[in-house]
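Just below is one structure, and these are the notes that go with it.
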Amino acid sequence: MFVVEKITIKMLSIERKKLSETAGRRINRWGKSILLMVFLGFLWFIMESSDTVLLFYLLINLVLLFGYQAVMEFIFIRNSRQYIATTILLIVIISSIAFLYFIKC
C-alpha cells in the first residue's frame with residue numbers, strides 16, 4: 001500500500017503536508033480517537049463471528065478511517081491535493097479486500 005501511495009504522489013505531483021501542522025490537528029486527533037474507541041468496542045462483540053463478518057468489519061473500519069482522513073485533508077490542506085492520494089489508496093484497499101474475499105469463496 002505504501003508503494004501505491006508513493007506512485008500516486010509522484011504521478012499527480014502532490015505536495016505532502018502533515019495534517020498535524022494545520023489548524024485541524026485537534027479535530028483530527030479527537031476524531032481518530034473516537035473512531036478507535038468505537039472500533040475496539042465493536043471488536044469485543046465481533047471476535048466470535050465468522051471470518052466473513054470479520055473481513056467486512058475490517059473493510060468498514062478501513063473505509064471509515066481512510067474516508068475520515070481524506071475528508072480532513074480536503075478541509076484543512078486542500079491546496080496540496082493530498083486527499084486525492086488518500087482516496088486512491090482507499091479504493092485500492094477496498095479492491096484488494098474484495099478480491100481476497102472472492103478468491104476465498
task: Percent of Cα-Cα pairs per 5 Å bin, from 0 to the last occupied bin, for region 1-63, please list those.
output: 4, 14, 15, 14, 17, 17, 11, 7, 2
task: For the chain, just list the percent of Cα-Cα distances falling in each 10 Å bin from zero outward, please.
output: 14, 38, 33, 14, 2
query: Which number gives the lysine pairs in the chain that have C-alpha atoms under 30 Å apart and are eight or more places apart or on different chains?
result: 8
task: With the Cα gyration tensor of region 31-75 in hand, give its eigenvalues times 5 under a square root as the equivalent ellipsoid semi-axes, listed largest first in whole angstrom.
output: 23, 12, 4
message: Rounded to the nearest percent, how much of the accessible area of the chain (1.4 Å probe, protein heavy atoms only) is carbon and sulfur?
response: 71
- prompt: What whole-number value in Å² describes the accessible area per residue of the chain for a 1.4 Å probe?
  reply: 72
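The values are calculated or read from the model by the stated rules, or taken from the named source; none is laboratory data. Quick caveat, the model's predicted, so the values are computed rather than measured. SASA here: full protein model, heavy atoms, side chains in, ligands and nucleic acids out. Shrake-Rupley method; radii C 1.70, N 1.55, O 1.52, S 1.80 Å.
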